[in-house]
Each structure stands twice: as C-alpha cells, then as structure tokens.
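Notes follow once the structure below has been shown.
The values are calculated or read from the model by the stated rules, or taken from the named source; none is laboratory data. These figures come from a predicted structure and were not determined experimentally. Heads up, the Cβs are rebuilt from the backbone with ideal geometry, glycines too, and the neighbour counts pull from every protein chain shown.
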Amino acid sequence: MKNFNTNIYFWNAKNSLWGMAFDALWILALATVMSACDNFVDVDLPNSQLTANTAFEEKATANAAMTDIYSKIRDTGLLTGSPSGLSHLLGIYGDELDFYGVLPSGPAFYNNSLIASNPDVKELWNNTYNQIYAANAVIEGVAHSSKLSAADCNQLTGEALFVRALLHFYLANIYGDVPYITTTDYAANRVAVRIPVAEVYDNARADLEQAIIFLPVEYLTSDRVRPNKYAAHALLARVNLYAGSWNEASNEASAVLDNTGIYVYEQDLDKIFLKESTSTIWQLAPGFSNSNALEAPTFNFNEGPPPISALTNDFMSAFTPDDQRKAHWTQAITDGTSTWYHPFKYKFGDSGTSLEYSIILRLGEMYLIRAEARAHSGDLIGAKEDLNTIRHNAGLADTLAVTQEEILDAILQERRLELFTEFGHRFFDLKRFNKIQPVLSAVKLGWDVHDDLFPIPEAELNLNPNLKPQNPGY
C-alpha cells in the first residue's frame with residue numbers, strides 16, 4: 001500500500017494519478033467478476049494503466065473506485081468500527097468507556113494525554129485525508145469520462161460529494177479548523193490552509209446540497225450501502241444542527257422521516273442494528289459476504305476482566321430501571337466477584353452468516369436532531385413529540401420536561417442513551433451543549449481544558465507551515 005508521506009497527500013510517483021485508493025482496481029477490471037467480498041488485492045501495475053481516462057471509461061471500474069473508498073472507511077480512519085476508530089477512541093477519551101486493554105493507542109486516549117507526535121493521531125488524519133483524496137479523484141475522473149452514462153456520472157459524483165462532506169465534518173469536530181480539500185492537485189494540497197470550523201460546515205453543506213441533486217431517491221443496492229438522496233438529507237440535517245441552523249436541520253430531518261415508503265422506525269430494539277433494519281439510512285458492508293460489522297469484536301467480551309474496554313459505571317447508572325436499551329443494548333459479564341458491562345448493540349461476531357453491517361446513519365438520530373432543532377426554534381410541543389418517540393421505543397413514559405432548557409437537557413440525556421458508542425456522538429454533544437468541561441473534568445483524572453480537540457499531527461505542521469498554529473495546549 002502506498003503511503004502518503006507529506007502533508008495531506010503525496011503519492012508514489014510511479015502511480016502519480018491515483019495513489020493508494022486505486023492500486024487494486026485493475027485487478028477487478030481484469031477479473032470482471034467479483035463476489036460479495038469488497039476487499040481488494042493490493043498490487044502494482046504499469047503506470048500506463050493508471051490513468052483517469054481508463055479508470056472511468058467503464059462502469060465496473062468506476063463503481064469499484066467508489067466501493068473501494070467505502071472499504072477504506074470501514075477498515076481505517078475515523079469511522080472504522082475497529083478499536084482504532086472514533087466509536088471506541090472517543091468512548092475511552094470521553095465518559096462512555098473505561099479502558100482495560102494493552103493496545104498501544106489506548107492509554108494516551110483514556111488518560112487524555114495525547115501529544116502532537118502521537119502516531120495514532122497522525123494516522124487518523126492521514127487515513128481520512130487519503131479517503132478524501134480518493135473521493136476527489138472520483139469526482140474529477142467522472143467529470144472527464146466520455147463513456148459513462150449521465151445517470152452513472154450523477155450517482156458517482158453524488159456519492160463522492162457525500163463522502164467528502166462526511167469526512168471533513170468529522171475532521172473538524174476532532175481537530176477544529178482543518179483544510180477542506182476539493183482537488184487532487186498536489187501542488188495546491190501541499191500548501192493547504194486550515195479554515196474555521198464554521199466554513200468547513202458551510203463547504204460540507206454545499207457539497208451535500210449538490211449530492212442531493214445528483215443522487216437518486218432509490219438505493220443502488222438493497223442493503224443500503226451506497227448512499228441515496230435521503231442519506232445526503234440525513235447528513236445535511238446533522239451538519240445544520242451542529243452549525244446552529246435550526247430550521248434547516250429540522251427540515252432536512254423531516255425530509256427523511258416523512259419518507260415512510262423507504263424508512264420505517266424499527267420498534268424491536270434487537271433488530272435496529274441488523275443489516276435489513278428499516279431504520280437504517282446508510283451503512284457499511286463487512287469485508288466478506290459471511291462476516292459481520294467490526295463493532296461486535298471491538299466491544300463484546302464473554303469473560304472478565306475486559307480485554308479492551310467496558311462501559312463506565314457512570315454511564316450505566318444513567319439508565320432508569322425501565323429503560324429497555326439497558327437490557328437489549330448492554331450486556332453484563334461477571335467473574336463472580338466483579339461485574340462489567342459492554343455495549344451490545346452489535347451482537348454477532350464470527351457467526352458464519354452476515355447479519356449486521358456498520359450503521360452510520362439511522363432514524364433514531366433523525367428524531368433527536370429534529371427534537372433539538374425544534375426546541376431551539378421554540379416548537380416545544382413538536383420537540384417533545386420527537387423526544388417521546390425515542391423514549392417510547394425504549395419502553396419509557398413521556399418526558400416530564402416542560403421548559404426549553406429542560407427539554408434540551410432531556411434531549412442531551414436521550415442522545416447519550418440512544419447513540420452511545422456510535423462514532424463519538426456523546427463527545428461531540430458535550431462540546432455542542434457547552435458541557436464538556438464540567439462533565440469530563442469531574443470524571444476524567446487527566447482532563448484538561450484544551451482536550452476538546454486533538455492536536456494537529458506534528459509531522460504535518462513541519463511539512464506545511466500553513467497548517468499552523470497548533471491547537472492550544474499542545
């Protein structure tokens with residue numbers, strides 16, 4: 001696999017147009033037939049074969065380029081369900097998980113002692129920008145294709161814009177001001193400058209608004225692993241929420257929730273994370289046709305002490321006795337003396353059958369987005385209706401919150417119990433609600449006022465002075 005060893009992108013000269021994202025695609029083109037497995041064999045091929053024209057002249061190889069991006073997102077970077085992804089790292093960095101393991105990356109995150117030279121911080125940055133580069137390559141390749149149909153061009157462009165917005169959104173929320181990369185031009189990327197988070201959100205919204213135009217209503221495949229128009233609406237709802245655009249966030253969430261022909265809120269808690277769930281908006285397929293999401297082996301264990309991590313006592317105490325999410329989405333493990341709890345949303349590891357995919361966007365979040373947006377806009381009745389939809393599905397009675405402040409506090413609590421260990425929602429919510437300092441300083445011994453952001457990787461700052469200054473505290 002080629003390493004991009006300058007700031008943001010530097011690809012091996014032999015494969016100068018494509019870099020790591022496309023090394024394997026020509027094996028697919030030559031083979032012409034693929035199984036359900038979307039892992040790609042990493043091989044080097046003659047430079048003459050690696051050109052934009054040839055890669056995007058055929059639908060099969062163009063789709064393979066896009067599918068390969070999803071496989072990279074699944075396996076590496078911010079959104080992998082493995083212990084190196086945000087679901088786990090921000091769980092131990094924040095207040096969801098206690099760390100017990102011996103993973104090299106664990107102690108620095110758990111003790112909130114990251115430094116700018118931390119290799120895991122650099123890897124998250126580089127892997128994610130590599131994925132963004134690959135999305136830009138798709139956009140540019142499709143734009144220059146002479147053989148792809150208009151429908152295929154629109155589909156691929158919409159997907160790549162969706163991915164570009166998604167990844168920049170996450171980068172901004174863990175690193176703060178970051179470059180928004182929209183080209184494969186190395187000369188431009190090597191001197192890229194960081195822009196304010198608000199501008200990152202603006203750029204992401206612009207990409208998503210274009211994606212909505214390009215993407216079709218119907219999913220390309222029945223398993224919802226290729227985003228459709230409503231996946232872009234869902235992500236746009238989230239970005240608008242984080243940006244404080246309440247009416248827009250509410251409207252985008254409604255666009256998804258109102259489409260009951262495609263989406264039905266799953267009432268059975270044990271079915272929400274199955275691959276056929278009608279609540280799923282967008283998910284990542286496992287690497288092989290008979291495998292499951294990476295989340296199960298990351299979080300689940302059968303005996304104590306925990307091999308990697310376990311839910312904190314503080315988190316478990318947040319459930320009320322009648323909350324069915326505790327019974328269905330967590331599991332107790334005891335050695336006869338001590339008891340630990342692990343997340344149990346994903347229940348199947350090596351089952352021999354593919355039952356669960358890694359869900360990135362789902363209806364539960366849309367109800368909570370709309371509830372929060374409505375509360376901020378003064379629609380307290382509508383906010384409580386959405387909040388109660390989530391509560392009822394968990395076996396709880398209507399919320400007792402009345403005032404705007406009470407309703408917003410209730411939404412924050414419901415988000416904690418509904419979205420735990422799902423790609424850092426809890427950590428980001430504490431920041432958005434301006435509660436991260438009081439909450440985490442009370443439960444994290446190593447917490448510092450500047451720990452709400454990761455450091456910009458030291459190596460990137462050295463290679464590109466335009467990325468300076470470093471985040472405060474590092």
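Going residue by residue through the range 404-420, is there one that turns out to be under 29 Å from Q331 (Cα atoms), assigned to a loop (DSSP other than H, G, I, E, B) and at pLDDT 95 or above? Taking every residue of the range 404-420 in turn, at least one turns out to be under 29 Å from Q331 (Cα atoms), assigned to a loop (DSSP other than H, G, I, E, B) and at pLDDT 95 or above. Examine the range 443-465 for a residue that is surrounded by 15 or more Cβ atoms within 10 Å (Cβ to Cβ), closer than 23 Å to R325 by Cα and either assigned by TED's automatic domain parsing to the domain that holds Q331 or not hydroxyl-bearing (S, T, Y) (or both), and state whether such a residue exists. Checking the range 443-465: not a single residue is surrounded by 15 or more Cβ atoms within 10 Å (Cβ to Cβ), closer than 23 Å to R325 by Cα and either assigned by TED's automatic domain parsing to the domain that holds Q331 or not hydroxyl-bearing (S, T, Y) (or both).
The number of residues in the range 119-162 being more than 19 Å from I212 (Cα to Cα) and in a helix (DSSP H, G or I) comes to 17. In the set (1) of a type in the set (K, R); (2) surrounded by fewer than 17 Cβ atoms within 10 Å (Cβ to Cβ); (3) under 30 Å from D223 (Cβ atoms), the condition left unmet by K435 is number (3). Looking across T183, T157, one residue alone is within 26 Å of T80 (Cβ to Cβ), surrounded by fewer than 18 Cβ atoms within 10 Å (Cβ to Cβ) and either outside the structural domain of P286 (by TED's automatic domain parsing) or touching a strand residue (DSSP E or B) at 6+ places or on another chain (Cβ under 9 Å) (or both). It is T183.
Residues in the range 373-403 that are in contact (Cβ under 8 Å) with a residue 24 or more places away in the chain, among the aliphatic types (A, V, I, L, M) and in a helix (DSSP H, G or I): A373, A375, L380, A383, L387, I390. Just checking, does the range 110-128 include any residue being surrounded by fewer than 24 Cβ atoms within 10 Å (Cβ to Cβ), aromatic (F, W, Y), under 21 Å from the mean Cα position of the chain (by Cα) and within 30 Å of D448 (Cβ to Cβ)? Checked against the condition, which is being surrounded by fewer than 24 Cβ atoms within 10 Å (Cβ to Cβ), aromatic (F, W, Y), under 21 Å from the mean Cα position of the chain (by Cα) and within 30 Å of D448 (Cβ to Cβ), the range 110-128 yields at least one hit. Determine, yes or no, whether A188 is of a type in the set (G, A, S) and crowded, with 23+ Cβ neighbours inside 10 Å. So A188 does not fit the description; no. Determine, yes or no, whether P107 is without any contact (Cβ under 8 Å) to a residue 24 or more places away in the chain, surrounded by fewer than 18 Cβ atoms within 10 Å (Cβ to Cβ) and under 15 Å from P457 (Cα atoms). It is false that P107 is without any contact (Cβ under 8 Å) to a residue 24 or more places away in the chain, surrounded by fewer than 18 Cβ atoms within 10 Å (Cβ to Cβ) and under 15 Å from P457 (Cα atoms). Scanning the range 190-204 for residues that are of a type outside the set (K, R) and within 18 Å of Y133 (Cβ to Cβ) returns V191, A192, V193, I195, V200, N203, A204.
Taking the criterion of being within 15 Å of the chain's Cα centre (by Cα), hydrophobic (A, V, I, L, M, F, W, C), closer than 20 Å to D258 by Cα and part of a loop (DSSP other than H, G, I, E, B), no residue of the range 215-233 qualifies.
Residue-wise test of (1) assigned to a helix (DSSP H, G or I); (2) more than 15 Å from A135 (Cα to Cα); (3) in contact with a Lys or Arg (Cβ under 6 Å, 6 or more places away or on another chain); (4) not assigned by TED's automatic domain parsing to the domain that holds N173.
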position: T54; (1), (2), (3), (4): yes, yes, no, no
position: M66; (1), (2), (3), (4): yes, no, no, no
position: I69; (1), (2), (3), (4): yes, no, no, no
position: I73; (1), (2), (3), (4): yes, no, no, no
position: L89; (1), (2), (3), (4): yes, yes, no, yes
position: F109; (1), (2), (3), (4): yes, yes, no, no
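Among the residues of the range 71-92, which ones are of a type outside the set (V, I, T) and within 20 Å of F301 (Cα to Cα)?
Hits for the range 71-92 are G81, S82, P83, S84, G85, L86, S87, H88, L89, L90, G91.
Do we have Y201 as aromatic (F, W, Y) and part of a helix (DSSP H, G or I) here? In short, yes. Restricting the range 61-91 to residues that are over 30 Å from F315 (Cβ atoms) and charged (D, E, K, R) leaves a set whose member that is nearest to the chain's Cα centre (by Cα) is K72.
Going by the structure shown, is V443 β-branched (V, I, T) and either modelled with pLDDT under 95 or closer than 13 Å to I92 by Cα (or both)? Against the criterion (β-branched (V, I, T) and either modelled with pLDDT under 95 or closer than 13 Å to I92 by Cα (or both)), V443 qualifies. The range 255-372 holds helices (runs of 4 or more DSSP H) entirely within its bounds, and those carrying 1 or more residues that are over 29 Å from S105 (Cβ atoms) map to 324-329. Of the residues in the range 133-153, not one is of a type in the set (A, V, I, L, M, F, W, C), buried (at least 18 other Cβ atoms within 10 Å of the Cβ) and within 14 Å of the chain's Cα centre (by Cα). Residues in the range 197-219 that are among the β-branched types (V, I, T) and under 21 Å from V178 (Cα atoms): V197, V200. The set of residues from the range 312-347 being of a type in the set (A, V, I, L, M, F, W, C) and either within 20 Å of the chain's Cα centre (by Cα) or buried (at least 20 other Cβ atoms within 10 Å of the Cβ) (or both) comprises F315, W329, W340, F344.
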